[in-house]
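The structure under discussion is supplied below as structure tokens; questions concerning it will follow.
The values are calculated or read from the model by the stated rules, or taken from the named source; none is laboratory data. The model shown is predicted, which means the values in this text are computed figures rather than measured ones. Reconstructed Cβ throughout: ideal geometry from the backbone, glycine too, with neighbour counts over all protein chains shown. Accessible surface areas use protein heavy atoms only, side chains included; no ligands, DNA or RNA. Shrake-Rupley method; radii C 1.70, N 1.55, O 1.52, S 1.80 Å.
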Amino acid sequence: QVQLVESGGGLVHPGGSLKLSCVASGKYFGIDDMGWYRQAPGKQRELVATISSGLKENYSDSIKGRFIISRDMVKPMIHLQMSRLRPEDSGVYYCNVKSWLNGDDYWGQGTQVTVSS
């Protein structure tokens with residue numbers, strides 16, 4: 001189907017920056033919507049940002065103005081540039097593809113982001 005591999009997570013201090021990347025392969029179409037979600041222990045997975053094939057961006061209120069999602073339509077890849085990180089940004093960040101073909105969601109294995117002093 002679709003395979004997604006995230007990278008770029010790590011440990012940063014509050015106020016720091018981090019850039020995540022996701023590579024898509026398999027039965028992926030350039031017109032599929034893609035995005036980033038995150039999940040903290042004991043909490044539900046939540047939207048961070050999405051980006052369409054037309055490069056229309058959508059951000060959650062909690063990160064708006066601090067994170068930027070971008071998309072390479074050739075590779076294909078998406079990135080999440082995270083700035084002014086807060087401890088509450090900590091969690092596992094997952095790459096997502098919503099299939100144009102059937103509407104199914106596909107997920108990567110996640111990459112851990114920890115924001116701590």
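List the lysines whose Cα lies under 24 Å from the Cα of K75, skipping any in the same chain that are fewer than 8 positions away.
Excluding near neighbours in sequence, the set is K19, K27, K56, K98.
Return the distance in nm (one decimal) between the two label points of a simple spin-label model at S25 and K56, each offset 7 Å from Cα along Cα→Cβ.
Rounded to a tenth, the inter-label distance reads 3.1 nm.
Could you tell me how far the Cα centroid of region 17-62 sits from the Cα centroid of region 78-104, in Å?
Centre-to-centre (Cα) distance: 3 Å.
Would you rank W107, W100 by solvent-accessible area, highest first, keeping every protein chain in place and using a 1.4 Å probe?
Descending accessible area places them as W100, W107.
Extending each Cα 7 Å along its Cβ direction at R84 and S117, get the distance between those two points in nm, one decimal.
2.0
With a 1.4 Å probe and all protein chains kept in place, how do V12, V74 rank by accessible area, largest first?
So, going from the largest accessible area down, we get V74, V12.
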